[in-house]
Amino acid sequence: MSLAEDMGSPAPFKPLKQKPPKVSVKRGDNGAIYISSDHPLPEMKRSVPHILEERAAEHPERNFIGERDADGAWRFITYGQANAKADAVAAALLARGFDSSTPLMILSGNSIAHAVMTLGAMKAGVPVAPVSVPYSLMSSDFAKLRHVVALTQPKMIFADNGDLFAKALAAVGDGAEIVTQSGSVSGATSYDDLVSTAPDDAVRASMEKIGHDTVAKYLFTSGSTGMPKGVVQTHRMMMAQVAAGEALRSEEPDPNEIPQSLEWMPWNHISAGNIGFNGNMSSGGTVHLDAGKPVPGMFDQTIANLREVSPRVFGSAPVAFAMLADAMERDEALRASFFKNLEYMGYGGATLSSDIYDRMQALAVAETGMRIPLTTMYGATETQGITVVHWVTERVGLVGLPVPGITLKLVPNGAKLEVRVKGPTVTPGYVNDPKKTAEVFDEEGFYSLGDAAKFLDETKPELGLVFDGRVTEDFKLSSGTWVSTGTLRADAVGACTPLVQDAVVCGLDKPYIALLAWPNIAGARKIAGLPDDADPQAVISHPKVVEHLRAALQKHNKAGGGSSTRIARIHLMLEPPSIDGHEITDKGYVNQAATASRRAHLVERLYQDPVPEDVIVV
């Protein structure tokens, strides 16, 4: 029985204010399956800065974005103030002769200044290129940062704190105007001076030229190999995403309600930077910037924020849900604040385990008497969000169904169905890379994601699609048995909750499957009964941790039933995935092939006999 159930029937779900699934499925002569939503896409808004101007005119005094100051107090910028400062930035850029060929690059993370620079550049028709912060602060050679600068040739580079980003700016700043809000970078332009520029008629003229095909951003994704690719982001792509969300809404929002949200995910990704940011602005909401992250030692900030901010929607990775459940199970006041306005939760980046699902539902029922809908969206930097779970379901692991305006094409590829997509949210291509652009679109103009999906039930397509791994990551054991890496990785991580954060599935041409895994040190300390300052190596080798992990994988193996899912050995790694070594993509997805190659010595240890002491035999 689920923890969310009482002795009788399960508690009802809180209503999800979205339309039920309604899709059309057609089959082609070549075995391809075409899936589209029957909910029509409404007329799209013109552009991101046009939405800002609408909201600034409607409620100029409403808080738009909040961040904590040096003393920990919230400071806000209103919609009216953001629009005025964006006009000033646009005027400054236009006065410098900037246009669609002179991008603005942003190195620092989410902030009010980051948002103003972005919106101002968009008003001037200048593409914005937000870059992953680790490229500047966690890289030793700045290779990826140098690459994205060479690819886009920015004429201005912004970093909030010049001192913090000084080394990165020195490495790539030649030929670009440097803008900082604080710090002492020689020759840098002051952000305060920039936003003091008097707007003129050039800004109005620029806004009149902006349309759906205007390039708004360049977002970077390393995908599964090599250096980051620059993905063109047009206003059409982002406005189609906003319109798709409106199309699925089952009732008009309360005009007197100001949606509150808390955002930690970086704006250099589509999830927060496009879908979250634009959606919040379209709804006239207030977003609070969360300096916390779902990692030990940093999630306390998120918890503190959730004591003050009661979001309408909470989205994060499953690891954050586990940490949040831990905190709310100990703190009823936190639980009350979290569920006060919550309509639903959204997870992404990994499969949500049934254990975490049950714990969150038990907390929701204890606080509200109802279960909370959990949704997820699937997509890529090149496509925005293309499928979503927009109905109440008790099943975790779905990727949903196509959003309005999108057509999915499932193409037979070996034993799998490869996902391809066409629609207004899809990129026109890659920056300065026509060859790569041509490679990723098929003969019908569908973008190929490289992922696989399948129907939960082919006879009932309205139940949704299930992620079926990466087509290119699957491999064969020495017996000839195919291993579906993506599916097995998600299942194994879920089975090992809360001990494992992520894993690499090994076994190419080997007799059995083994895992290289990154442990959740906080979860392991709890199981071992060790203090917070216990040595990580002592934690992961503790007998209780080893036995807990062995039992979890034995249970997984028993349920799997075959060599294609049976895990024989596992090694826990303390060294995090390397950005410079291409082990982790910008979206946080572990590059299986790159990690196995870089850590080949660890892969070999998994298959040694006698078994090394640091390898756990399941």
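The values are calculated or read from the model by the stated rules, or taken from the named source; none is laboratory data. As the structure is a computational prediction, the values presented were derived from the model and not from experiment. Positions of Cβ are backbone-derived with ideal geometry, glycine not excepted, and every protein chain shown enters the neighbour counts.
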Checklist entry - Do we have R204 as over 20 Å from the mean Cα position of the chain (by Cα) and within 18 Å of N278 (Cβ to Cβ) here? => result no
Next on the checklist: I'd like to know if the stretch 98-111 contains one or more residues that are more than 22 Å from the chain's Cα centre (by Cα) and of a type in the set (F, W, Y).
Outcome noted: yes
Next on the checklist: I'd like the full set of residues that are in contact (Cβ under 8 Å) with a residue 60 or more places away in the chain and of a type in the set (K, R), limited to the stretch 324-381.
Outcome noted: R359, R371
Item to check | Contacts under 6 angstrom Cβ, first residue in the stretch 595-611 being closer than 13 Å to R569 by Cα, partner in a helix (DSSP H, G or I), 6 or more apart | outcome: V603/A596
Item to check | helices (runs of 4 or more DSSP H) contained in the stretch 290-385 and holding at least 1 residues within 20 Å of H269 (Cβ to Cβ) | outcome: 299-306, 318-330
Checklist entry - How many of the residues in the stretch 555-584 are assigned to a loop (DSSP other than H, G, I, E, B) and more than 30 Å from D535 (Cα to Cα)? => result 6
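With the structure loaded, tell me whether L164 is surrounded by fewer than 20 Cβ atoms within 10 Å (Cβ to Cβ), touching a helix residue (DSSP H, G or I) at 6+ places or on another chain (Cβ under 9 Å), aliphatic (A, V, I, L, M) and over 16 Å from I65 (Cβ atoms) or whether it fails that test. Break it down into steps so the answer makes sense when it comes.
On the way: surrounded by fewer than 20 Cβ atoms within 10 Å (Cβ to Cβ): yes; touching a helix residue (DSSP H, G or I) at 6+ places or on another chain (Cβ under 9 Å): yes; aliphatic (A, V, I, L, M): yes; over 16 Å from I65 (Cβ atoms): yes.
Judged against the criteria, L164 is a match.
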Next on the checklist: Could you go through the stretch 531-541 and let me know if any residue there is touching a residue at least 24 places away in the same chain (Cβ under 8 Å), part of a helix (DSSP H, G or I) and crowded, with 19+ Cβ neighbours inside 10 Å.
Outcome noted: yes
Item to check | Residue count, the stretch 401-415 (criterion: at pLDDT 95 or above and part of a strand (DSSP E or B)) | outcome: 7
Item to check | Subset tally (residues that are in a loop (DSSP other than H, G, I, E, B) and either in contact with a strand residue (DSSP E or B) (Cβ under 6 Å, 6 or more places away or on another chain) or more than 18 Å from I258 (Cα to Cα) (or both)) for the stretch 271-284 | outcome: 0
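A quick yes/no check of all residues on (1) within 23 Å of the chain's Cα centre (by Cα); (2) modelled with pLDDT of 85 or more; (3) farther than 16 Å from L606 by Cα:
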position: F467; (1), (2), (3): yes, no, yes
position: V471; (1), (2), (3): yes, no, yes
position: L477; (1), (2), (3): no, yes, no
position: L508; (1), (2), (3): no, yes, no
position: D533; (1), (2), (3): no, yes, yes
position: P543; (1), (2), (3): no, yes, yes
position: L553; (1), (2), (3): no, yes, no
Checklist entry - Since D355 meets every condition but one in (1) under 19 Å from N280 (Cβ atoms); (2) modelled with pLDDT under 95; (3) of a type in the set (D, E), which condition does it not meet? => result (1)
Item to check | Flag for L602 being more than 30 Å from K144 (Cα to Cα) and buried (at least 18 other Cβ atoms within 10 Å of the Cβ) | outcome: no
Next on the checklist: Quick check on my filter: what residues within the stretch 179-214 are among the hydrophobic types (A, V, I, L, M, F, W, C) and buried (at least 19 other Cβ atoms within 10 Å of the Cβ)?
Outcome noted: V179, V185, A188, L194, V195, V203, M207, I210
Checklist entry - Are there any pairs, at least 6 apart or on different chains, whose C-beta atoms fall under 6 Å, with the first in the stretch 132-149 and not assigned by TED's automatic domain parsing to the domain that holds D433 and the second among the acidic types (D, E) and surrounded by 17 or more Cβ atoms within 10 Å (Cβ to Cβ), and if so, which? => result S132/D586
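Would you kindly identify the strands (runs of 3 or more DSSP E) lying entirely within the stretch 124-218 that contain at least 1 residues that are more than 22 Å from P428 (Cβ to Cβ)? Full working, then the answer.
Values: elements: 128-130, 156-161, 177-182.
Those strands (runs of 3 or more DSSP E) span 156-161, 177-182.
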Item to check | Filter result (in contact with a Lys or Arg (Cβ under 9 Å, 6 or more places away or on another chain) and in a loop (DSSP other than H, G, I, E, B)) within the stretch 223-264 | outcome: G223, S224, M227, P228, S250, E251, P253, E257, I258, P259, W264
Checklist entry - Just wondering, is there one or more residues in the stretch 560-578 that are surrounded by 17 or more Cβ atoms within 10 Å (Cβ to Cβ), at pLDDT below 90, among the hydrophobic types (A, V, I, L, M, F, W, C) and touching a Lys or Arg at 6+ places or on another chain (Cβ under 8 Å)? => result no
Item to check | Qualifying positions in the stretch 297-319 - under 17 Å from R525 (Cα atoms) and touching a residue at least 40 places away in the same chain (Cβ under 8 Å) | outcome: V319
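Being of a type outside the set (V, I, T) and touching a residue at least 40 places away in the same chain (Cβ under 8 Å) is true for just one of D201, D193, D174, D160. Which residue is that?
After ruling out the rest, the residue left standing is D160.
Tell me, yes or no, whether the stretch 513-525 has at least one residue that is basic (K, R) and either assigned by TED's automatic domain parsing to the domain that holds F299 or at pLDDT 95 or above (or both).
In the first step, residues of the stretch 513-525 are kept if they are basic (K, R); the result is 525.
Add one more test, that the residue is either assigned by TED's automatic domain parsing to the domain that holds F299 or at pLDDT 95 or above (or both), and what stays is none.
No: zero hits.
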Next on the checklist: It is to be established whether one or more residues within the stretch 80-87 are farther than 28 Å from N305 by Cβ and not hydroxyl-bearing (S, T, Y).
Outcome noted: yes
Checklist entry - Counting residues that are more than 29 Å from M573 (Cα to Cα) and without any contact (Cβ under 8 Å) to a residue 60 or more places away in the chain, which strands (runs of 3 or more DSSP E) fully inside the stretch 424-523 reach at least 1? => result 447-455
